[in-house]
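Just below is one structure, and these are the notes that go with it.
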Amino acid sequence: MLKHLIFLILFYISLPAWSQNSKEVAGNKHFSLFDYEKAITNYEKAEPLTLNGKRNLRTSYLRQERYADCERLSAQIVTDVAHNSEDIFEYVTILRTNKKYETSNEWMKKYEDLVGNDQRIMADHMNRSRIADLMVDQGNMSVENLGLNSENIEFAPSLYGDKIVFTSTSIIYGQ
């Protein structure tokens, strides 16, 4: 009888922890099926969430275009002692998505200090110099509204023989 009582006590004590872990397991299942909305629902209920669970939640936020949530979680991940260089690079990416360029540059420097000189760092250095050039109006082009467009969505004009063809949401019959 005492054994049964001890078993029941241990079972009920461990039940909340097992239940929380099952939320992460369910989140992992939905994540692997690319059902990011359900993955988010489960991951957000799982406490504590493992580092791998946090990474999957971050990706789920990103796929659902929840960029503020993705940034908040990425900031938590990079402060975890077990984070890796890829976590930092993901944080840099979401910071840039959220137009926080100064902070992203600081974290890119941390990434560079951690991994050395890889292709992403070289591309980042090239892009930074190009961005500065693009931000300056060179005065080489001007844009004018010719009044040719309709209220419909139209794009991709191309020459086809002696005519112009394009894609539009309008329906034109004949001709």
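The numbers here are math on the coordinates, done by the rules we state, and not lab data. Predicted model, so just to flag it, every value in this text is computed and none were measured. Positions of Cβ are generated from backbone atoms using ideal geometry, with glycine treated the same way; all protein chains shown enter the neighbour counts.
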Violations at 32 Å Cα threshold for listed pairs 23/109; 38/100; 29/109 -> 23/109; 29/109
Checking 142, 150, 32 against a Gaussian network model of the chain (alpha-carbon springs below 10 Å), the top fluctuating residue turns out to be 150
So for R0 = 45 Å, FRET eff. of residue 146-residue 64 from the Cβ-Cβ r, to 0.05, ends up at 0.70
Here the relative contact order (percent) of the range 30-175, from C-alpha pairs under 8 Å and at least 6 apart, is 11 percent
